[in-house]
């Protein structure tokens, strides 16, 4: 078994109790969907086993109905637990170990856009969580610092620049 | 509420965000008790230009030129990370000669960046002679990069599917002779930073980050490697031509500022070796392949080793002519955590060196306002804080 293959198998074993559905292989590793309440224990499982480090938290916006053509429907549309029939936001927690990236995908609806913090497990995640809050409007509950990190002081409340609907300030 | 009976023992020292002499602004609030730092927080975003959003309105080829402008020091690695990701999504094979030229430029960029850092760090430590020498030598590499690419800053070396220019014999010789000059100079700098008493006083056992902390805080690049955490994307997940021209990860164990000097200087030797090896063994062949303007739907992660550490790109295509999402996580963001965590317990005078130690892509600090307990404020310039640090250790 190659070292990359072993890392993937290890990650799958650690994350197995928390994932919804099956793991899927990506060009750079493995990914799986988790429910938001399972996010901290899943992260803790990886960190406690010293499986790599949190490389990034990537936010995605999936407005509904999708404006893209049906032919170009992105692959994870089927993977989302409840089906994307409403405006949803997604956060990808990307962990790196050697050549492998293990991605945890968490999806939340616009009207309930909250995620639990992972800072008690990974203190340095605070910067990533603050970025996610400001750019996508996902409230990260329990994150230690909620002051603005990137947007200017006079940026209006409840305007999230990386959402697809944002086309610039009036 | 603070009690009126007991005088406050701590001051908050806000540093930044603006200074015209430095490249990028950042804001730090350093809490001090007397001379000793007890806590540190920061604020970023003063040069946040919304590039991730901006590229969503560009086509795949245009986006690369915008992304290359994220950083003025390591522009090439941004374009390379992006190009490698797009090529993976498009399923094209880039010719080996193009990949080798990408690595060649990446290593030249690392040399210029590390020499730039050496100068900045020496300057913050009050050692301006070393600053001037290292920046003089850096010009050799800047000339080489300009001769090769036509530019000193945004080299614009990549196209989607390859590179724009070839390396001819004259250029190869120019690079070799620059490296031949730099190598003995680098040996000299190594001797200076490990033997000069004054500099050692500012670096040895200052800002120590243990391997455990560095790993836990997610440090990357030279900051992690100086603490003995062997994270190097070139080694862990070789990309472009690194499988053909492997590098070894340079590590140290001390984790202090001195180790950060040693690791970066050692990396220069490794870069010199790889640059020579590429020039001697440049694979023949084409410089680029065609990439269609529409990229098939999908998503990928592309990682490269920037001079400051792992640069992370997440790319997502909806099958259209422009990117659906580009996420960029630069290495400085990972390394800030090590300063915020280790500043406590250090002297205020060490803060400029601690900040310089991670080679932040360079967040600057301008006015420094000290607010004493009577509420009257005094404003310091960055120059004064730096001078204060130097005087303190005189």
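The values are calculated or read from the model by the stated rules, or taken from the named source; none is laboratory data. If you're wondering where the values come from, they're calculated on a predicted model, not measured in any experiment. Using ideal geometry, Cβ is built from the backbone for each residue, glycine included, and neighbour counts are taken over all protein chains shown.
Only one entry of B:325, B:264 meets the criterion of being more than 14 Å from every other protein chain (Cβ to nearest Cβ) and either under 24 Å from residue B:70 (Cα atoms) or without any contact (Cβ under 8 Å) to a residue 12 or more places away in the chain (or both), and that entry is B:264.
The set of residues from the range A:131-145 being in contact with a strand residue (DSSP E or B) (Cβ under 8 Å, 6 or more places away or on another chain), assigned to a loop (DSSP other than H, G, I, E, B) and surrounded by fewer than 17 Cβ atoms within 10 Å (Cβ to Cβ) comprises A:142, A:145. Scanning the range A:57-109 for residues being under 27 Å from residue A:9 (Cα atoms), at pLDDT 90 or above and more than 12 Å from chain B (Cβ to nearest Cβ) gives a total of 3. Scanning the range A:110-124 for residues that are in a loop (DSSP other than H, G, I, E, B) and either touching a strand residue (DSSP E or B) at 6+ places or on another chain (Cβ under 6 Å) or more than 10 Å from chain B (Cβ to nearest Cβ) (or both) turns up A:113, A:117, A:118, A:119, A:120, A:122.
Taking the conditions (1) in contact (Cβ under 8 Å) with a residue 40 or more places away in the chain; (2) more than 23 Å from residue B:359 (Cβ to Cβ); (3) surrounded by fewer than 21 Cβ atoms within 10 Å (Cβ to Cβ); (4) touching a helix residue (DSSP H, G or I) at 6+ places or on another chain (Cβ under 6 Å) in turn, residue B:148 satisfies each one other than (3).
Within the range B:203-213, identify whether any single residue is within 14 Å of chain A (Cβ to nearest Cβ), surrounded by 20 or more Cβ atoms within 10 Å (Cβ to Cβ) and closer than 26 Å to residue B:77 by Cα, and answer yes or no. No, there is no match, as no residue in the range B:203-213 is within 14 Å of chain A (Cβ to nearest Cβ), surrounded by 20 or more Cβ atoms within 10 Å (Cβ to Cβ) and closer than 26 Å to residue B:77 by Cα. Against the condition away from chain A (no Cβ under 12 Å), surrounded by fewer than 24 Cβ atoms within 10 Å (Cβ to Cβ) and modelled with pLDDT under 85, how does residue B:366 come out, does it pass? In short, yes.
To keep it simple, each residue is scored yes or no on (1) touching a helix residue (DSSP H, G or I) at 6+ places or on another chain (Cβ under 6 Å); (2) surrounded by 16 or more Cβ atoms within 10 Å (Cβ to Cβ); (3) modelled with pLDDT of 95 or more.
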| residue | (1), (2), (3) |
| --- | --- |
| B:249 | yes, yes, no |
| B:254 | no, yes, no |
| B:257 | yes, yes, no |
| B:266 | no, yes, yes |
| B:271 | yes, yes, yes |
| B:279 | yes, yes, yes |
| B:293 | no, no, no |
| B:299 | no, yes, no |
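Entry remark, the range B:273-309: residues being more than 11 Å from every other protein chain (Cβ to nearest Cβ) and either in a loop (DSSP other than H, G, I, E, B) or without any contact (Cβ under 8 Å) to a residue 60 or more places away in the chain (or both) number 17 in total. Evaluate the range B:311-320: report whether one residue or more is part of a loop (DSSP other than H, G, I, E, B) and more than 7 Å from chain A (Cβ to nearest Cβ). For the range B:311-320, residues part of a loop (DSSP other than H, G, I, E, B) and more than 7 Å from chain A (Cβ to nearest Cβ): absent. For residue B:306, the requirement of being out of contact with any helix residue (DSSP H, G or I) (no Cβ under 8 Å at 6 or more places or on another chain) and at pLDDT below 95 is not met.
Among the residues of the range B:75-93, those that are crowded, with 24+ Cβ neighbours inside 10 Å and more than 14 Å from chain A (Cβ to nearest Cβ) comprise B:76, B:77, B:78, B:79, B:80, B:82, B:83. Across the range B:214-226, the number of residues qualifying as without any contact (Cβ under 8 Å) to a residue 40 or more places away in the chain, surrounded by 24 or more Cβ atoms within 10 Å (Cβ to Cβ) and more than 17 Å from the chain's Cα centre (by Cα) comes to 0. Can you name the residue in the range B:309-326 that is touching a helix residue (DSSP H, G or I) at 6+ places or on another chain (Cβ under 6 Å) and farther than 30 Å from residue B:260 by Cα and, of all such residues, is surrounded by the fewest Cβ atoms within 10 Å (Cβ to Cβ)? The residue in question is B:319. There is no residue in the range A:1-19 that is in contact with a helix residue (DSSP H, G or I) (Cβ under 9 Å, 6 or more places away or on another chain), part of a loop (DSSP other than H, G, I, E, B), surrounded by fewer than 15 Cβ atoms within 10 Å (Cβ to Cβ) and modelled with pLDDT of 90 or more.
Restricted to helices (runs of 4 or more DSSP H) entirely inside the range B:19-128, those with at least 1 residues that are within 24 Å of residue B:179 (Cα to Cα) are B:75-90, B:96-124. Residue count for the range B:337-348 satisfying the condition of being part of a helix (DSSP H, G or I) and under 23 Å from the mean Cα position of the chain (by Cα): 6. Does the range B:106-127 contain at least one residue that is closer than 25 Å to residue B:296 by Cα and either out of contact with any helix residue (DSSP H, G or I) (no Cβ under 9 Å at 6 or more places or on another chain) or surrounded by fewer than 24 Cβ atoms within 10 Å (Cβ to Cβ) (or both)? Within the range B:106-127 (the criterion being closer than 25 Å to residue B:296 by Cα and either out of contact with any helix residue (DSSP H, G or I) (no Cβ under 9 Å at 6 or more places or on another chain) or surrounded by fewer than 24 Cβ atoms within 10 Å (Cβ to Cβ) (or both)), the answer is no, since none of the residues qualifies. Considering the range A:102-123, the residues that are in contact (Cβ under 8 Å) with a residue 60 or more places away in the chain and over 13 Å from the mean Cα position of the chain (by Cα) include one that is surrounded by the fewest Cβ atoms within 10 Å (Cβ to Cβ), namely A:120.
Exactly one residue among A:127, A:149, A:162 is modelled with pLDDT of 90 or more, facing chain B (nearest Cβ under 9 Å) and surrounded by fewer than 23 Cβ atoms within 10 Å (Cβ to Cβ), and that residue is A:162.
Selection of the range B:30-62 for residues being farther than 22 Å from residue B:159 by Cβ, facing chain A (nearest Cβ under 10 Å) and at pLDDT 80 or above yields B:50, B:53.
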